[in-house]
Amino acid sequence: SGAIMTVLAAVCTKIPEGRLAIIFLPMFTFTAGNALKAIIAMDTAGMILGWKFFDHAAHLGGALFGIWYITYGHELIWKNREPLVKIWHEMRTNSPKKGGGPK
């Protein structure tokens, strides 16, 4: 549930004006930003009050990670991937061949 919450929070952060609805109540729509705020508030209350129906800590952790990833993480990770990719290519091209034969 934390991973699903990560995806939901990332989408709601990226497109806060997107319209959402509950599947059985499609006539009631709301913005993605408001939905994210409501879910975070409900999960925070669930943690404070000790509700056991959902894993509120997993939801909050997933939501915070999704928000962080859209705000900072995507750029941090993808802009700094070149050194890791170079190391990976060096390991793959300089590794000994299987079978004991010549390279």
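When the convex hull of its Cα atoms is viewed from all sides, the stretch 4-45 shows a mean projected area of 3.1 nm². Mind listing P(r) for the stretch 12-75? All alpha-carbon pairs, 5 Å bins, whole percents. Bin by bin from 0 Å, the calculated values are 4, 17, 20, 22, 20, 13, 4, 0. Scanning residues 5 or more positions from Gly18 or on other chains, those with amide H under 5 Å from its amide H are Ala32, Gly33, with H placed 1.01 Å from N in the peptide plane.
If the chain linking Thr31 and Ile48 were pulled fully straight, counting 0.36 nm for each residue of separation and taking away their Cα-Cα distance, it would gain 3.5 nm. Computed over protein heavy atoms with a 1.4 Å probe, the carbon and sulfur contribution to the accessible area of the chain reaches 69%. In this calculation the C-beta distance from Thr93 to Ala57 is compared with R0 = 41 Å, giving a FRET efficiency of 0.40. Mean residue ellipticity, 222 nm, helices only, the chain: the sum of -39500 (n - 2.57) across DSSP H runs of n ≥ 4, divided by residue count and rounded to 500, is -19000 deg cm²/dmol. Take every Cα pair under 8 Å whose residues are at least 6 apart in sequence, average their separation, divide by the length of the chain, and the relative contact order is 32 percent. Computed with a 1.4 Å probe over protein heavy atoms only, the accessible surface of the stretch 1-93 comes to 77 Å² per residue.
The values are calculated or read from the model by the stated rules, or taken from the named source; none is laboratory data. As the structure is a prediction and not an experimental result, all values here were calculated from the model. A quick note on method: Cβ atoms are made from the backbone with ideal geometry, for glycine too, and the neighbour counts reach across all protein chains shown. For the accessible areas, the whole protein counts, side chains as well, though only heavy atoms, and no ligand, DNA or RNA atoms are used. Shrake-Rupley method; radii C 1.70, N 1.55, O 1.52, S 1.80 Å.
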